Each structure stands twice: as C-alpha cells, then as structure tokens.
Amino acid sequence: MSLQSIFGEEDVSLYKVQTHSKGPDGSLPLTSEMLLDSPSGDLFGLSQNVGMGWAPSNLLGKQVLILGTQGGIRNHDGTPIALGYHTGHWEIGLLMKASAQEINRQGGVPFAGFVSDPCDGRSQGTTGMFDSLPYRNDAAIVYRRLIRSLPTRHAVIGVATCDKGLPAMMVALASMHNLPTIIIPGGVTLPPTNGEDAGKIQTIGARYANNEITLQEAADLGCRACATPGGGCQFLGTAGTAQVVAEAMGMALPHSALGASILHLGIPMAAALLATHSFLPPHPGPTVIAGEYGADIGLVLLYGIIVAIPTVIIAGPLYTKIAKKIVPVAFNKTGNIASLGEQKTLQLKETPGFGISVLTAMFPVLLMSISTIIDMIQKSVGFKDNTLIEIVRLIGNPSTAMLISLVLAFFTMGIQRNIPIKEVMNSCTSSITAIGMMLLIIGGGGAFKQVLIDGGVGDYVSKLFTGTSMSPIILAWLVAAILRISLGSATVAAISTAGLIIPMLAQYDVNLALVTLATGAGSSICSHVNDAGFWMIKEYFGLSMKETFSTWTILSTITSVAGLGFILLLDASLIIAGVLIIFISIVAIYFSGFNRSKNKNNVLDI
C-alpha cells in the first residue's frame, strides 16, 4: 500500500520526516549542588520544561500544580469542537488558564493536569450508572497519584465543578496534609429566565407520561434548562452542595461558591437603616421630634433600641424570605454602587480595626445611654442632684455626646492612623457639605409645621379628637403616616406631625418617649415615588419599579406597622399589639402561599 493509494496523490514532501531539532536556546540554571544532590528526575524535569517552551531563566520559581476536571474541546470563541460529558466541563479550562497566568505573573511555574468526570444526569436510567457512582473514589486515587508524581510542587490548586469530579478533588486535596491546597469551584450554569432548572427538567419524561406537560412544553423547557455553556446544575445537589461545603471547610475562598445576592444582604441592611432613621437618637429625625414633644432623649434611645431590634428582624431577614418568592428575579441583580456617588477603594491594611471602628461609631449612643441609666437609677433610689450627676447629664446631652465623639473620631480615625490633620479637616468639610441638604429638609419641615399650626390645623385636630378614646400613640402614628404618604419626606412628615399632635397631648397622661417613637414609625411607612430614598434603592440595586415597590415599599411599611405594634406593647396595649402582629403574620403567610400556588400552576413560570 502506497501513500498515493491512501491520499489519492503522490506528495514527495510527505517522505521528508524531521528527525532532529535545534532545541531551545539558552542554558538550564543548574548549580553544582543541584547536580550532586538533586534526584535525576528533578534534573530531567527541567529539560522537559524548556522542551515544552518554558523560558530557562524562569525555571526555578515555585512550582504549583493545577488539577482540573475539564472535558470537551472548545474554539477560541467558545463554540464547541467536541462536547464534554456535562456543562460543568466547559469553563474549567478558562479558570485553569487564569490561575496559571497569575502564578506566572507572581514568578511561579504552573503545571496542569486533567482528570475528566462523567455525569449522573446523563447516565441515569442506563447501565452507565454502574460506572458513574463509584467514579469519585477512582478519581480521587488518580488525583493523589498525579500530585505525588510531581514531587517538586509547592502547592496544588483544584478546579472542579460537578458531583463526581469536585468531591473527588476535595478528597484528594484534603489528604495532602502538609501541602498548601485550594479549591476553585466552577459555579453553575445559569438558570433560564423563563423555564426550569437542571433538577426539575430531568423529570420531563415522567411528567409527559402523566399528561402534566405537552410535547412542545417538554421540548421548549428542555432546550432552555442549561441556559449558559458552563458550570454545573443550579440546584443544591451533590455538585452545588460540594461547592458550598468546600467554602465552609475553608478549602475555597469566601464567596467563591456562595455568591450572595446583593439584595439578599441589602434588605436587612435597609431595614436596619430605616429603623435607625425612625427610632434611634442621635439621628436627626428622632432627636428633633423628641425636642418638639419635650421627651427625654435618653428614654427615646432606650425604648427605640427595644423597638428597633424585633422590627429589624421582621422587616429584614424574615421579609427577605417572602420577597424572594414575590420577585425572585430581583435577587439576581448585581446593583450599581456608582449611583451612590464617588467611591474610594481601600486596602484592608489601610482601614482601622473592627473594635475601634465600632467603639467610635457607637460612642455617642454609649454616652447617652449611660446618662439615661444614671437618671433612672437616681429616680428609683431618690438621691439628690450633685456636681457629678450634672456632669453626667451634660456629657449625655445629644449635642455634647456628638461633640465628644467627634473629638474621639479625630484621634481614632485620624491621628492614631498617622493621617495628616489637613486630610482629616478635608473629610470634615466634605461631611458638612453632605449634611447641607439634611439641614434644609429639617428647616423646611419646621417651616411647614409652623404653617400648619398658624393655619389652625393643630387646634382643629385637637378638637376633632376631643373626647375620643383613641390612643395618642396611634393618632401620632396615623397623622405621620398620612403626611409621609402625601409629602414623601419622612423627616418633614415627623416634624409636621409633632406640631399637629402637641395641642392635644395635654388631654392625656401619655409617655412622650413612646409618642416620639410612634411618630417616627408613622413617618417611615410606604416609601414610594415622591421619596428620594425610593429612587436611591431602585438605582443602587438596579431594580425595576415593580421590584422596588415589592421590596423597599413593603419593607418600609412593615417597619412602620411592626414598630407601632412593639410601641403599643411597651405601652401595655397588648390586645391592639396582638391584632397587629397577627395581621402581619397573615399577610406574610398569604404572600408566601400565593406565590407557591402560582408557580405550581404555571409550568413555564412565565
């Protein structure tokens, strides 16, 4: 048989086979000690390294082995040349490439090895499961052999995704007791915008057989289930769980497996900020309202803390679970921090310690709380005022506490960190600029309040409720809520409410600190399009109008209603508080059940 009979033509160049080559330029960086003491395998390994194209001058960097479960072959543009067993094969090569490039930049010498893996989803219902199930142990053995077969490695990086290769990689790396190792999870293929995840889609045959879906629905859903060409299944099966466990065990970097939704973190944070805005001095709102009512600012702070904690739990973590079912797409948004203004990135070593940061931020609250507690002890014990008590009251005054805390911040955040005084003063200047609008809002709220009072609205409200049994706490909340919905600004609504409610307080023996908190609670209700905070939340989290109403507007309403409920509990109005809390629970259960039934009846989830 000749080449002509094989290829159809005679090409004499085919007989010119190259049998030798010049070889790489340069010399190996050998020393006398290396030749005398190193194993022959280490020396021959250097020859192979330059033979594969590595520069001789870079041979002595620390060697790092990168192991991966890559399968399939892809073009440079990502299109497939040969398919892998599953989508989890597809991005592994890119992750390994990025790791190798970074090792090279750091002066290291990266090595790469591959042990691909099968897919349960592909082999289920077939005899392939007999090989798929025991694969992990076999692969772990091979990984360990590959690691030990490169005795010059200083560390190992494992890049894996799916439910066979990733557990095998974890077992192998965990057994390398004295060797630095790390897992890089491959993540998941994205779920379809409208469709089913990779877990549910595996039941289309059974559901079609039971007449639960049509042939066309099965074809459409099956086509969209693996929405991107990379990563494992989206549900928490073995693959997803293994990625999470790798992070939990410290084998993977934080958030390399669990990419927390910015909204999942943002709702509890927003709830805490709103509660602070509504209930806790020395925030401007509660401080100004307490001054208008003549309430003890220290009691407002203590009661506010008691009210704020359960309110934040309800409006934050608990409501987040419900919001995920109402607007699940919103939790896939990445947000836009640029919408909050200019940002500055700091290295961790440039930041102050956690403890001193918390102390500095909480210092005015601590001073005010100490003053209030001493006042309460004095009233209980009955001892008279003295110089020490007067000094404590002076220090606990909100203005004084803020001034002392500012001086402390100069030291802890500036002088102690060797920041020049000029830079500290520039920070103060920018802070004053930032609060200018707040001062205008407070001034505008005071002016609006005075217009209402001079117009006789306050006296009219007082006469309107003369002889009624409505609690002034509920009345203050109701008026503040109406003004908040009408005006948009919580601060203006709260200050205006104080002017309307004060004329009727003389008719009641009421705790002014609780009236202050009720006013703050009412002024936080139902943030919508005439509130600047509504637009800040929308733009920062990248939400649509519907998603903002379903998250932030409902959150602010829950904060307001739950806050009122706990204020009434403090006022011993237990029956009213109980009804309100039951109402909140019914609403939460209704929304949760409604969304579940909607998903059950809509196969395509469109």
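Residues that are open to solvent by less than 60 Å² (accessible area, probe 1.4 Å) and in contact with a Pro (Cβ under 7 Å, 6 or more places away or on another chain) within segment 392-404 comprise P398, A401, listed in sequence order. Taking the condition of a type in the set (S, T, Y), buried (at least 21 other Cβ atoms within 10 Å of the Cβ) and on the phi < 0 side of the Ramachandran plot, does S544 pass? No; evaluated as a whole, the condition is false for this residue.
Answer with yes or no whether G294 is on the phi > 0 side of the Ramachandran plot and either open to solvent by 40 Å² or more (accessible area, probe 1.4 Å) or assigned by the TED database to the domain that holds T557 (or both). Yes: the conditions hold for G294.
Okay, residues lined up against (1) at pLDDT below 80; (2) closer than 20 Å to I314 by Cα; (3) surrounded by fewer than 24 Cβ atoms within 10 Å (Cβ to Cβ):
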position	(1), (2), (3)
A498	no, no, no
A506	yes, no, yes
T519	no, yes, no
N530	no, no, yes
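For segment 222-258, the tally of residues that are in a loop (DSSP other than H, G, I, E, B) and either touching a Cys at 6+ places or on another chain (Cβ under 8 Å) or under 17 Å from G88 (Cα atoms) (or both) stands at 15.
A quick yes/no check of all residues on (1) in a helix (DSSP H, G or I); (2) touching a Gly at 6+ places or on another chain (Cβ under 8 Å); (3) of a type in the set (A, V, I, L, M); (4) outside the structural domain of P134 (by the TED database):
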| position | (1), (2), (3), (4) |
| --- | --- |
| V50 | yes, yes, yes, no |
| G53 | no, no, no, no |
| Q70 | no, yes, no, no |
| H76 | no, no, no, no |
| S99 | yes, no, no, no |
| N104 | yes, no, no, no |
| G113 | no, yes, no, no |
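For the criterion of being in a helix (DSSP H, G or I), out of contact with any Cys (no Cβ under 6 Å at 6 or more places or on another chain) and at pLDDT below 95, L190 fails.
May I ask you to list pairs of residues, at least six apart or on different chains, whose Cβ atoms are under 7 Å apart, with the first in segment 405-421 being surrounded by 13 or more Cβ atoms within 10 Å (Cβ to Cβ) and the second being outside any helix (DSSP H, G or I) and not aromatic (F, W, Y)? These pairs meet every condition: T412/P352; M413/P352; R417/P352.
Could you please give the count of residues in segment 108-131 that are under 24 Å from I66 (Cα atoms) and either free of Cβ contacts under 8 Å to residues at least 40 places away in the same chain or in contact with a helix residue (DSSP H, G or I) (Cβ under 8 Å, 6 or more places away or on another chain) (or both)?
Adding up the residues that qualify gives 9.
Could we say that R153 is farther than 19 Å from V188 by Cβ and in the same structural domain as L83 (by the TED database) here? Taking the combined requirement at face value, the residue satisfies it.
If the condition is being of a type in the set (D, E, K, R) and either surrounded by 13 or more Cβ atoms within 10 Å (Cβ to Cβ) or at pLDDT 85 or above (or both), then segment 354-391 contributes D375, E390.
Please specify each residue of segment 196-227 satisfying the condition of being touching a Leu at 6+ places or on another chain (Cβ under 8 Å), small (G, A, S) and farther than 20 Å from C119 by Cβ. Walk me through it before giving the result.
Step one: list which residues in segment 196-227 are touching a Leu at 6+ places or on another chain (Cβ under 8 Å), which gives 196, 201, 204, 208, 213, 217, 220-221, 227.
Add one more test, that the residue is small (G, A, S), and what stays is 227.
Result: no residue meets the conditions.
Among the helices (runs of 4 or more DSSP H) confined wholly to segment 472-560, which include 1 or more residues that are within 20 Å of P281 (Cα to Cα)?
Values: elements: 472-487, 490-505, 512-522, 532-541, 545-548.
It comes to 472-487, 490-505, 512-522, 532-541.
Quick check on segment 197-209. Is at least one of its residues among the small types (G, A, S), part of a loop (DSSP other than H, G, I, E, B) and open to solvent by less than 20 Å² (accessible area, probe 1.4 Å)? Yes, segment 197-209 contains at least one residue that is among the small types (G, A, S), part of a loop (DSSP other than H, G, I, E, B) and open to solvent by less than 20 Å² (accessible area, probe 1.4 Å).
Can you tell me which of L263, L236 is open to solvent by 60 Å² or more (accessible area, probe 1.4 Å) and at pLDDT below 85?
Numbers: L263 fails: open to solvent by 60 Å² or more (accessible area, probe 1.4 Å).
None of the others qualify; the one that does is L236.
If you filter segment 17-72 down to residues that are among the hydroxyl-bearing types (S, T, Y) and in contact (Cβ under 8 Å) with a residue 12 or more places away in the chain, you find that the one that is surrounded by the most Cβ atoms within 10 Å (Cβ to Cβ) is T69.
Of everything in segment 121-158, what is assigned to a loop (DSSP other than H, G, I, E, B) and loosely packed, with under 14 Cβ neighbours inside 10 Å? Give them in sequence order. Even if it seems obvious, please write down each step before you answer.
Kept after step one, since they are assigned to a loop (DSSP other than H, G, I, E, B), are these residues of segment 121-158: 124-128, 133-134, 149-152.
The answer is Q124, G125, T126, T127, L133, P134, S149, P151.
The values are calculated or read from the model by the stated rules, or taken from the named source; none is laboratory data. Since the structure is predicted, the reported quantities are computational estimates derived from the model, not experimental observations. With ideal geometry, Cβ positions are generated from the backbone for all residues, glycine too; neighbour counts draw on all protein chains shown. The accessibility values were calculated without ligands, DNA or RNA, using every heavy atom of the protein model including side chains. Shrake-Rupley method; radii C 1.70, N 1.55, O 1.52, S 1.80 Å.
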